[in-house]
Every structure is written in structure tokens, then in C-alpha cells.
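Visitor: Before I ask anything, let me first share the structure, which is written out below as C-alpha cells.
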Amino acid sequence: MKRFLSSLTRREFLASTISLAGASTLSDALALAQRAKTAAAGPIPFPKNFWWGTSTAAYQIEGAWNEDGKGESIWDRFSHTSHKIKNGDNGDVACDHYHRYREDLDIMRRLGMKSYRFSIAWTRIQAAGSGRPNPKGLDFYSRLVDGLLEAKIRPFPTLYHWDLPQALEDAGGWPNRDTAQRFADYTDIVMSALGDRVQSWMIFNEPWVFTTLGYLFGTHAPGRTDVDAYLRATHVVNLAQGMAFRVMKGVRPRSVVGTAFSLSPMQPATGSRADHEAAERAHAFQNLWFLEPALRGRYPDAFVGVSPEMLGVQPGDMDKVRAPLDFIGVNNYYRYIVSAIRPKALSPNPLAKIYPVDVKVGGDTGSKTDMGWEVYPRGLYEIVMRIAKDYSRPIEVTENGCAYADAPGKDGVVHDPRRIAFYHDYLRELARAIKDGADVRGYHAWSLLDNFEWAEGYSKRFGLTYVDFKTQKRTVKESGEWYQKVAQANALPVKT
Ligand code: FCB
């Protein structure tokens with residue numbers, strides 16, 4: 001992921017570490033000691049009926065990119081363009097899940113999963129993003145949903161995980177207001193076809209990420225780098241979220257609707273007031289830009305000097321963006337370290353004028369995964385607690401996971417202790433958030449399978465199941481077996 005980078009000086013780093021270290025007061029120290037005692041006492045239970053699940057996305061696993069009437073999406077176009085994806089990879093075949101979904105259902109069954117988060121490819125339903133639905137596309141998801149229900153696994157689909165129909169991009173993409181109406185129509189089709197069997201839904205996956213990387217940085221599809229178009233895109237996505245929400249409740253009043261947001265704790269780089277303010281600004285923009293309009297009908301205070309006109313806000317829009325989500329989906333992978341841009345600092349941040357903030361992905365205390373992301377389990381506790389406190393809604397962890405390259409050994413087994421340790425430590429922090437009052441209903445490991453990791457292609461393996469992309473052979477990793485035991489016990493075992 002492209003970042004607004006700034007390196008911390010050693011002094012700043014030390015200051016931030018000190019101000020953030022766990023036990024700065026006596027009562028903190030006592031709480032820490034109490035936690036250690038409880039953890040040592042035995043397995044950590046999770047709430048009854050907790051949704052243990054895994055998460056995937058259509059473009060990352062399905063393949064069959066042009067079969068059965070599927071149209072071209074911006075990710076098909078982007079990955080077929082030279083130099084956009086590492087090693088020239090693309091999602092044409094991916095995990096071939098479109099043809100092998102029954103085998104993947106068997107893996108979920110074997111892992112004892114209770115929930116499966118997947119996404120629906122808009123271009124399978126409407127090849128060009130408008131007009132009559134494609135029955136073959138709907139049929140695929142209908143069969144998948146039936147298979148899940150048969151296996152007693154909750155189907156938990158996302159309507160949009162980044163794969164806009166290319167035809168809609170050609171007509172202007174997300175900066176074009178008309179895209180919101182197209183999205184509402186598509187939502188209506190999917191809801192009418194699957195709403196009889198699917199109760200819980202997500203509208204978007206990580207709206208901040210797909211707008212920012214797609215329209216500002218250009219590192220993801222559709223690869224544009226235009227600040228003005230970007231700002232408008234964010235507003236159109238907010239409009240689409242509100243409109244889709246109303247469509248869903250109109251078709252199925254009892255549906256349970258959320259969005260999966262990219263949410264990370266924002267930590268000031270130093271104890272300075274400027275850095276604290278910058279961290280709050282970063283929270284407002286990177287965490288809340290699509291949440292606050294939905295739940296409170298307003299944009300958070302994130303920018304300096306951005307007028308509603310620059311966002312393309314029209315009269316009545318701030319009612320339209322409202323979507324009183326039934327739950328908040330939390331995708332968490334790392335924390336950010338945030339500093340105010342120093343007056344003289346040169347910044348590669350293309351928003352510098354309106355967003356005087358530098359953010360760095362991760363700190364330097366935890367180990368790094370293959371993505372270069374710092375392992376920081378406490379961050380999941382921090383962000384879940386903040387969101388629970390500020391919005392008092394049910395929460396589902398819709399993504400959390402790590403990339404490590406472990407492959408089958410001579411014994412045929414994928415030994416991946418780092419992934420087990422990762423999940424163990426993040427789940428321990430999630431259990432702590434639940435104990436401290438957060439209403440968390442489920443947890444979805446990213447991912448069921450190794451898959452196409454966007455601009456990183458197949459070079460990063462996030463799966464609980466190893467996929468040999470030459471043969472499509474699946475091998476459940478040791479972490480998968482471990483996760484099965486957690487789900488079965490509905491408790492986190494004592495770390496060995
Ligand atoms: C998230 C995406 C998901 C996956 C993980 C690693 O940002 O939602 O599709 O790529 O990162």
C-alpha cells in the first residue's frame with residue numbers, strides 16, 4: 001500500500017513509545033497484572049453464538065474472469081495492463097473458486113466455520129454495470145449460498161469489494177454521481193435474488209482504501225491520480241452507501257446491513273499537541289470519512305479548506321448519505337504513527353495542503369509480516385474500543401490476518417507458527433475488548449485461501465489454506481487446524 005511517509009527521528013520514536021507504553025500509571029500496572037493472571041488461568045471464552053469465520057473477495061479467488069457472461073471489471077483491465085501488478089500477475093484464474101467452490105465449502109466445513117464473508121462480482125450480475133441481470137451470474141451465488149446454508153455456515157456477502165464494471169469507469173467511475181444510482185440498481189437485483197436466504201450483508205469493503213488507492217494514488221484500479229476527482233469519488237461512494245442501504249431495507253426490511261471499514265488506531269508520533277491533533281485528523285479522515293456520514297449525516301473534521309462544493313455535495317445530499325448501519329465491520333491490520341507535517345518538511349502526500357498530516361504504517365516495536373506490516377495486536381483492542389465507545393453499535397471483525405510465505409514441508413504439512421501466534425495474540429486482544437464492553441459478534445480471518453493480493457499479485461500468502469497455484473491443490477495449514485480448534489471450543493487456548 002502506498003503511504004504518506006515520513007520517517008521519525010530516533011527521539012520522536014522514543015517519545016512516542018514511552019507515551020504509549022502500557023503501564024504508565026499504578027492502576028494501569030495493576031490492570032496489566034490482573035490480565036496476565038486471567039490469561040494464565042486457562043482458555044479465554046468468547047460469547048455464545050460467536051460468528052467464527054473466514055473472509056475472501058470475488059476478484060481475489062474466483063478466476064473465470066470472462067465466463068458465463070461476466071463483463072470486464074476495473075481489476076480485469078488494471079491487471080491486464082503492464083507494470084501494474086507485481087510479476088505481471090492477474091486474477092484470470094486466481095484460486096479457480098468459481099469452478100471449485102464445492103471443494104472450498106468442504107474446507108470451511110472441515111474447519112468448523114460458522115460464517116463466510118465473500119463478495120459478489122458486480123460484472124457477473126450486470127456485465128456493463130447496468131441493465132438486465134445475467135441469470136448465470138446470479139445462479140453462481142445462489143448455489144454458493146445454498147451450499148453454505150446446507151453446511152450450516154452463515155452466508156455473509158459484501159456487495160462491492162473493489163471490482164467496478166469497466167463500462168461504468170469508462171463513463172466516469174466513482175467520481176460520476178450516476179454510479180451511485182447504478183450501484184443502487186445492482187443492489188436491488190442482488191437483494192431480490194438472494195435476500196430470501198441471506199440475512200446479513202455488507203455494502204462496501206474498505207471505501208477509504210478503494211477510493212484513495214484507485215483515484216488518488218493510482219496504485220490500485222482504476223489507476224487514476226486526480227485529487228479533484230478523488231474528492232468527488234468519496235462523496236459519490238457515501239451517496240451510494242446511503243442509497244444502497246435504503247434499497248436493501250426496502251426489499252428486505254429485516255436484513256442486517258453494515259459496511260466493512262478499514263480501521264486502524266492512529267497514534268501520535270510524539271507527545272506534542274500538534275501530533276495529537278494530527279492523529280485526530282487522521283482518525284477523522286482515514287477511519288471515519290465513510291462512517292460519520294452514514295451514522296450522523298455529516299463529514300468529520302478532516303480537511304483544511306475543503307468546501308462541500310469540492311466534494312460535489314448538492315442540496316439534500318447529507319440526508320441521502322445517511323445509512324443507520326446495523327453493525328460496523330472492522331478490517332484491521334496495523335496501526336498508524338501520525339505526525340503533523342512540519343512547516344519545512346517536504347512531503348510526498350498529494351493532499352498536503354488540505355490534509356497536513358504524515359502517516360506511517362506501523363511502528364517499530366512489533367515484528368513484521370511479509371507485507372512489511374508491524375504485528376501490533378493491541379491495536380485491535382484500541383480500535384474496537386474506540387469505535388464501540390463512539391458509535392455504540394454491534395461490531396463484526398470482518399478482516400484481520402497476516403501474510404507469511406510458509407509452504408508445505410517435506411512432510412507435506414504447512415508449519416506456520418507465526419500465523420498461529422498472530423491470530424492468538426489478536427484474538428486475545430479482541431477477547432479483552434469484549435470483556436471491557438465492546439459488543440463484538442464475530443471474527444473473520446483473512447483469508448480462507450492464499451489468493452491474489454491486489455498489486456502484490458500472488459507474492460503474498462494470507463491463507464489458512466495453502467494454494468498451489470499451478471495445480472490448484474489446497475492444503476489446510478497448521479494455522480487452519482488451530483483455528484478449527486478455537487472455533488470448536490469457542491475459546492482461545494492458552495498459548496503454548
Ligand atoms: C484488505 C483488503 C483485502 C485483502 C487484505 C490483505 O485491505 O480488504 O481484500 O487484500 O487487505
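The values are calculated or read from the model by the stated rules, or taken from the named source; none is laboratory data. Source: prediction; values computed, not measured. With ideal geometry, Cβ positions are generated from the backbone for all residues, glycine too; neighbour counts draw on all protein chains shown. These accessible areas exclude ligands, DNA and RNA; they are computed on the full protein's heavy atoms, side chains included. Shrake-Rupley method; radii C 1.70, N 1.55, O 1.52, S 1.80 Å.
Visitor: Could you give me the residue pairs with C-beta distances under 6 Å whose first residue belongs to the range 372-392 and is under 20 Å from Tyr404 (Cα atoms), whose second residue is open to solvent by 30 Å² or more (accessible area, probe 1.4 Å) and of a type in the set (Gly, Ala, Ser) wherever it lies, and which are 6+ apart or on separate chains?
Guide: Val375/Ser367
Visitor: So which of Ala403, Ala388 ends up being at pLDDT 95 or above, assigned by TED's automatic domain parsing to the domain that holds Tyr116 and part of a loop (DSSP other than H, G, I, E, B)? Walk me through how you get there before you give the answer.
Guide: On the way: Ala388 fails: part of a loop (DSSP other than H, G, I, E, B).
Every option except Ala403 fails the conditions.
Visitor: Does the range 87-95 contain any residue that is away from the ligand (no atom under 16 Å from the Cβ) and in a loop (DSSP other than H, G, I, E, B)?
Guide: Initially, the range 87-95 is screened for residues away from the ligand (no atom under 16 Å from the Cβ), giving 87-88, 92-93.
Those still in the list that are in a loop (DSSP other than H, G, I, E, B) too: 92-93.
Yes, because at least one residue in the range 87-95 is away from the ligand (no atom under 16 Å from the Cβ) and in a loop (DSSP other than H, G, I, E, B).
Visitor: Where residues in the range 370-425 are among the small types (Gly, Ala, Ser) and within 16 Å of the ligand (Cβ to nearest atom), which of them is nearest to Gln484 (Cα to Cα)? Lay out the reasoning, then the answer.
Guide: Within the range 370-425, the first condition is being among the small types (Gly, Ala, Ser), and the residues that meet it are 372, 379, 388, 392, 401, 403, 405, 407, 409, 412, 421.
After this cut, where a residue has to be within 16 Å of the ligand (Cβ to nearest atom) as well, the list is 372, 379, 401, 403, 405.
Numbers: Gly372: 27, Gly379: 24, Gly401: 15, Ala403: 19, Ala405: 21 Å.
Among those that are among the small types (Gly, Ala, Ser) and within 16 Å of the ligand (Cβ to nearest atom), it is Gly401.
Visitor: Something else about it: Looking only at helices (runs of 4 or more DSSP H) that lie completely in the range 199-300, which have at least 1 residues being more than 16 Å from the ligand (Cβ to nearest atom), among the charged types (D, E, K, R) and over 16 Å from Lys360 (Cα atoms)? Steps first, please.
Guide: Working: elements: 207-211, 227-251, 273-282, 292-296.
Of the helices (runs of 4 or more DSSP H) lying wholly inside the range 199-300, those with at least 1 residues that are more than 16 Å from the ligand (Cβ to nearest atom), among the charged types (D, E, K, R) and over 16 Å from Lys360 (Cα atoms) span 227-251, 273-282, 292-296.
Visitor: So which of Thr187, Thr179, Thr211, Thr158 ends up being farther than 26 Å from Glu399 by Cα and open to solvent by less than 10 Å² (accessible area, probe 1.4 Å)?
Guide: Details: Thr187 fails: farther than 26 Å from Glu399 by Cα; Thr211 fails: farther than 26 Å from Glu399 by Cα; Thr158 fails: farther than 26 Å from Glu399 by Cα.
After applying the criteria, what remains is Thr179.
Visitor: Looking at the range 193-206, I want the residues that are more than 27 Å from Asn400 (Cβ to Cβ) and in the same structural domain as Met248 (by TED's automatic domain parsing) and have a partner that is among the small types (Gly, Ala, Ser) and modelled with pLDDT of 95 or more with Cβ atoms under 7 Å, at least 6 apart or on another chain. Which pairs are those?
Guide: Going by the 7 Å Cβ cut-off, the qualifying pairs are Ala193/Ser142; Gly195/Ser255.
Visitor: Is the range 165-181 home to any residue that is in a strand (DSSP E or B), within 22 Å of the chain's Cα centre (by Cα) and in the same structural domain as Phe327 (by TED's automatic domain parsing)? Break it down stepwise before answering.
Guide: Here is the first cut: in the range 165-181, the ones in a strand (DSSP E or B) are 165.
Then drop every residue that is not within 22 Å of the chain's Cα centre (by Cα), which leaves 165.
With in the same structural domain as Phe327 (by TED's automatic domain parsing) added as a condition, the list becomes 165.
Looking through the range 165-181, at least one residue is in a strand (DSSP E or B), within 22 Å of the chain's Cα centre (by Cα) and in the same structural domain as Phe327 (by TED's automatic domain parsing).
Visitor: Right, another one. Output yes when any residue across the range 443-463 is open to solvent by 10 Å² or more (accessible area, probe 1.4 Å), more than 16 Å from the ligand (Cβ to nearest atom) and within 22 Å of Gly112 (Cα to Cα), and no when none is.
Guide: No; the residues of the range 443-463 include none that is open to solvent by 10 Å² or more (accessible area, probe 1.4 Å), more than 16 Å from the ligand (Cβ to nearest atom) and within 22 Å of Gly112 (Cα to Cα).
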